[in-house]
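Worksheet for the structure shown next.
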Amino acid sequence: MRVEVFENYAALSGRAAAIALDLIRRKPDAVLGLPTGSSPEGFYDLLSRSNTSFRHVRTFNLDEYVGLPREHPESYHSFMSKRLLDRVDLEPANVHIPDGMAADPEAECRRYEEALRQAGGMDLLVLGVGHNGHIGFNEPGTPWDSRTRRVKLAGRTIKANARFFGSEEAVPREALTMGIGTIMEARSIILLATGESKADIIRRTFEEEPGINVPSTVLRNHPDVTFLLDRAAAGRLGQLVS
Ligand code: GLP
């Protein structure tokens, strides 16, 4: 695992964007795995303002809420449209986000895995991390061989995401998410974490015995993962690394 610590959010976002853009220049039809949340907002902004073409790039989002229409302002479809898809020349046919309104969610998850397989898997997956260590919507207790499937959100995740919905009651209770097994097959992973509120989970990710109770610890078994952290999220780790 590599760790890079940045003075501020802009520098961290710049590094994440440079990694993705460098890949796209080398491999114009790269397959990107993409997150939502606050952490990648700066990353998306920089991608959108670069002059790199996304014409042949393929994207697969990590997750989507169950039961939110695509047009809902807090659906991950809306998030991605606003942050990236409406701003770059990605081909709609190359953009994949799980359909949280699918009549048959299990079939939708199987279809999603198959589309990812046919694309040749992810070259680069960008991740955020929840306060409880969730990656995608894989909450504590998720088996490490899990694939894309329907999941229930943890109480802590519902609380954390209430800020986007105005109240806890309005947060969907379920999501479709890539599994941990799916995530671990990405050839390269970067994880973005910023702010003091992430310092505890970052410390646990590095120091605790890897296990399913802290999903992010699985990344210690991945051959090519880089943590991009700001000083606040790095905590003590920041002093060791820089
Ligand atoms: C959400 C998403 C995750 C994301 C996490 C952290 O629940 N499903 O993919 O990584 O929250 O979000 P943030 O970056 O806003 O802290």
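Here are some notes:
- Screening residue 164 on (1) within 16 Å of the ligand (Cβ to nearest atom); (2) over 26 Å from residue 43 (Cα atoms) shows it passes everything except condition (2).
- Taken over region 102-114, residues that are more than 12 Å from residue 178 (Cα to Cα) and either touching a His at 6+ places or on another chain (Cβ under 9 Å) or surrounded by 17 or more Cβ atoms within 10 Å (Cβ to Cβ) (or both) amount to 2.
- Conditions (1) more than 13 Å from the ligand (Cβ to nearest atom); (2) within 27 Å of residue 171 (Cβ to Cβ); (3) outside any loop (DSSP other than H, G, I, E, B); number of the one not met by residue 93: (2)
- Listed by first and then second residue, the pairs with beta-carbon distance under 6 Å, at least 6 apart or on different chains, first residue in region 59-75 and basic (Lys, Arg), second assigned to a loop (DSSP other than H, G, I, E, B) and away from the ligand (no atom under 12 Å from the Cβ), form an empty list.
- Total residues in region 71-87 satisfying the condition of being more than 16 Å from the ligand (Cβ to nearest atom) and closer than 18 Å to residue 126 by Cα: the figure is 2.
- Residue within region 17-28 that is surrounded by 17 or more Cβ atoms within 10 Å (Cβ to Cβ) and either assigned to a loop (DSSP other than H, G, I, E, B) or among the basic types (Lys, Arg) (or both) present: no
- Residues satisfying the stated conditions in region 39-49, i.e. farther than 20 Å from residue 123 by Cα and either modelled with pLDDT under 95 or part of a helix (DSSP H, G or I) (or both): 41, 42, 45, 49
- Of the numbered criteria (1) within 12 Å of the ligand (Cβ to nearest atom); (2) at pLDDT 95 or above; (3) among the aliphatic types (A, V, I, L, M); (4) out of contact with any helix residue (DSSP H, G or I) (no Cβ under 6 Å at 6 or more places or on another chain), the one residue 233 fails is (4).
- Test: residue in region 208-221 that is modelled with pLDDT of 95 or more, within 12 Å of the ligand (Cβ to nearest atom) and among the β-branched types (Val, Ile, Thr): no
- Yes/no for residue 171 being under 21 Å from residue 33 (Cβ atoms), touching a helix residue (DSSP H, G or I) at 6+ places or on another chain (Cβ under 6 Å) and of a type in the set (Val, Ile, Thr): no
- Restricting attention to region 111-140 and to residues that are more than 16 Å from the ligand (Cβ to nearest atom) and at positive phi, the residue that is farthest from the chain's Cα centre (by Cα) turns out to be 120.
The values are calculated or read from the model by the stated rules, or taken from the named source; none is laboratory data. Keep in mind the model is a prediction, meaning the values are calculated, not measured. Note that we place each Cβ from the backbone using ideal geometry, even for glycine, and neighbour counts take in every protein chain shown.
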